[in-house]
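The values are calculated or read from the model by the stated rules, or taken from the named source; none is laboratory data. These numbers come from a predicted model, not from an experiment. A quick note on method: Cβ atoms are made from the backbone with ideal geometry, for glycine too, and the neighbour counts reach across all protein chains shown. All accessible areas refer to the heavy atoms of the entire protein, side chains included, with ligands and DNA or RNA removed. Shrake-Rupley method; radii C 1.70, N 1.55, O 1.52, S 1.80 Å.
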Amino acid sequence: MMGTFYRRLENREMNTDYLTGLYNRRGLLEIWQSLPEDTMVHCLYIDVDNFKLVNDIYGHAKGDELLVFISVLLNQTFQEQLAVRMGGDEFVVFCDGRIARADMEERLHTLQKQLRRGDFDVNVEKILSFSIGVSYSQFVNAGLHDILEQADVAMYQVKKSGKGHFVVYEDIRVQIEEEKLIKERAFRGEIWQELKILYRPVIYIQTSDVYAVETVIQWDFPGKGVFSEEKIMPVLKQYSVDIQLGRHVLETVCAQKQRWRDTEFDKIEFYVRLTGRFLLQKDSIAVIADCMEKYQVGHDEIQICIEENDFGENGEKLYTVAQNLLDLGFKVAINNFASSSLYVLQRIPSQLLKLDAKLLDKTQYSKKSLYILRNVISLGRDLECGIVAQGIENTAQVKMLASYGAQFGVGDFYGMPCDETDFFDQYRDRLFLTHNMRPARFLFAQHLADENGEYTGVYSGEGLTFTTGVYDGQGALRFPGGKVGENCVRLPREVMYSDSYSICFWVNPDSAQPWSSIVYITYMDGFMSLMPNSGHGDLFFRIKDDREPDEWHDIACRRAVPGQWSYVCVTFDVITHIGKLYFNGLMVGSMENMPDLKVVDQILLGGDEYQDSFDGKLAELEIYHYALSADVIAEKFQAYQQMPAFQGTDGKK
């Protein structure tokens, strides 16, 4: 053990702390002034985490007892070194600079462990830890103030990043210098000439089409290159510049929405991140509403994205603001969901969860992380939320997310942030809202492919024939029937890529088979079946949810009469969770709270896994990727009735 590197003071009374017996600030200064300028030291700035909580709950006597224990612990862990109580629950230890860094860090770990081994209530020990800033290998001639400031800055970084560990100033020096520059240029107003608001596509994972636009903030910082939003936001929030930035971003996005009126991007949704500090301003909701009104932007055209951590930091007030926004018809999304606590879900009925990118990144390291991601997605889907996976970088991640049921994705894999012009040029032909309007239509004209050749069915069995449909020129399939699972057509599961859907077709049973499916779709957690005839003489639209005790969700109408063509449509809207059944162009039943089943496994025509296969005809199967309206379905049926040699009904239920 090295000897002490400093000269002990003789006048202990004036230079020591009355409670702990450690040197005080006065003693530190006197010792410092006696040190040779070429003396090298390590400086530790130590703060006791949650000390105020101990005082508030257990009283000041218990707090004083804790401080005395800590002083003894410091002297034991750093023998022959200079331990100082700076005041309150802050301590400084100066160590001989010849002590190896590895030795120092071993002592720091020991210090954390020993803190929880005092003679204290177990509940006190659970909340105790040290936040420690370290400045290594400093010479006395650098000045006491500057060395303490470095260690203090490092300690503050620990406080910001979760407490209970240590940070070395040299490891964050570049970051601290950059934060200082950010603060200075922001205060001088130069940020507004150098800031860029770029756009990045939010992709519908199953089709790779553009579903929405995410705003991305970048700062072209002179002499430093491009600073990301993640780099600048903590500094801007610390000095309240984020409030002005929120107004600036909102104004820019609303103006952009106005410029894109009457273009392909007319109705596209924007995701805009607003900080908790901005939203807690008294006039925040009025500012948002006025800006949207100024540019004639609807409340449903912008998702206000709030950081999950902001709810933890701002408590009840932010929950109230978020609920007020929802009550006024605004959309609220939780950004970086699952980064801290699931409690937010209980309070905010958000329809969109943007997952923390770290969830996806960590899956490459462990199966445990994969299971966490899968279950977080499943939880969000069970709560009827849209799931946006952030940070997507490769095809393997896309396939994994699709198999877990995530609907949307954003990340460099789909495209880097770009300006208004580049975004319009790159993505105008990839809009989900445009492509999503086109159905997959199977005409069964002597083949099993859809009319665009994107999807082709595969027949298993024998006896399937092509025949004529409900009007001249329309093709149809004739299924021969058979045992369970025999003589069925399997369609590619990709044809059902959307959670909302409409399925329309003409059906003509040869016999009144009970419970045989004409369309049968299995999912990760259940199935959907369309049965022309039940054992009770009804046509059934059935969804079975394996996750619920009350698993059967049925809508029924009169059966499809054998030997007659009947036009059947079913719709499901994932937003409202309403399913509807239409028969011969008329709505005959609907049900609320129908379940949202995740991830299609297989699509069968002409049979299922439980009953004998269907015996009869199927014509013009259409699968839409959204819920058709009653008017559209009625118009479709009426258009069929005008076709040459129409053989269907007159439209009676």
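Results, tabulated for the structure shown:
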| item | result |
| --- | --- |
| Furthest towards positive pole of dipole, ALA630, LEU539, PHE166, structure part the chain, Cβ charges | PHE166 |
| Net charge, GLN351 excluded, C-beta distance under 13 Å - Lys, Arg +1, Asp, Glu -1 | -3 |
| Average accessible surface area per residue within the chain, 1.4 Å rolling probe, Å² | 45 |
| Enclosed volume per residue, in Å³, of the convex hull spanned by Cα atoms of segment 161-286 | 171 |
| Segment 326-442 - share of DSSP beta bridges that are antiparallel (%, nearest 5) | 0 |
| Unit charges on C-beta of K, R, D, E only; dipole of the chain, Debye | 360 |
| Descending Cα extents along the principal axes, segment 85-144, whole Å | 44, 27, 15 |
| Around GLU178: net Lys/Arg minus Asp/Glu count, Cβ-Cβ under 13 Å | +2 |
| Förster radius 22 Å - calculated FRET efficiency between GLN564 and ALA630 (Cβ-Cβ, nearest 0.05) | 0.45 |
| Nitroxide proxy distance, nm - points 7 Å out along Cα→Cβ at ASN123 and HIS447 | 7.5 |
| Accessible area (Å², 1.4 Å probe, nearest 10) - THR110 | 60 |
| Heavy-atom accessible area ranking, 1.4 Å probe, most first, across SER129, SER378 | SER378, SER129 |
| Between helix 229-238 and the chain: long-axis angle, C-alpha atoms, 0 to 90°, nearest 10 | 50 |
| Packing-based order for 25-35, 250-260, using average beta carbon neighbours within 10 Å, highest first | 250-260, 25-35 |
| Between helix 144-160 and the chain: long-axis angle, C-alpha atoms, 0 to 90°, nearest 10 | 30 |
| Chain lengthening between GLU184 and LYS159 when straightened (0.36 nm per residue, less Cα-Cα) | 6.7 nm |
| Cut-off 11 Å between beta-carbons: net charge of the residues surrounding LEU74, Lys and Arg +1, Asp and Glu -1 | +2 |
| Computed [θ] at 222 nm, helices only, for the chain once each DSSP H run of length n ≥ 4 contributes -39500 (n - 2.57) | -10500 deg cm²/dmol |
| Accessible-area ranking of ASP121, ASP554, largest first, probe 1.4 Å | ASP121, ASP554 |
| Segment 319-402: Cα Rg divided by the 2.2 N^0.38 Å rule of thumb | 1.15 |
| Pair MET643, ARG8: separation of 7 Å Cα→Cβ label points (nm) | 10.3 |
| Positive-pole candidate from LEU325, TYR295, CYS305, dipole of segment 250-387, charges at beta carbon | CYS305 |
| Solvent-free Debye scattering, log10 I(q)/I(0), computed from the Cα coordinates of segment 260-378 at q = 0.11, 0.20 Å⁻¹ | -0.43, -1.08 |
| Convex hull volume per residue for segment 1-120, taking Cα atoms only, in Å³ | 105 |
| Cross-link table LYS183/LYS358; LYS180/LYS257; LYS160/LYS358; LYS180/LYS354, entries beyond 29 Å C-alpha to C-alpha | LYS180/LYS257; LYS180/LYS354 |
| Length released on extending from TYR610 to GLU420, taking residue separation times 0.36 nm less the Cα-Cα span | 63.1 nm |
| Size of segment 528-641 as Cα extents on the principal axes (Å, biggest first) | 41, 33, 25 |
| Fraction of accessible area attributable to carbon and sulfur, segment 1-63 (%, probe 1.4 Å) | 51 |
| For segment 214-292, with +1 on Lys and Arg beta carbons and -1 on Asp and Glu, the positive-most of THR263, GLY225, LEU236 along the dipole | LEU236 |
| Per-peptide average of other Cβ atoms within 10 Å, ordering 401-409, 226-234 highest first | 401-409, 226-234 |
| Radius of gyration and Dmax over the Cα atoms of the chain, both given in Å | 33.6, 115 |
| Acute angle (nearest 10 degrees) that the helix 284-294 long axis makes with the longest principal axis of the chain, alpha-carbon atoms | 50 |
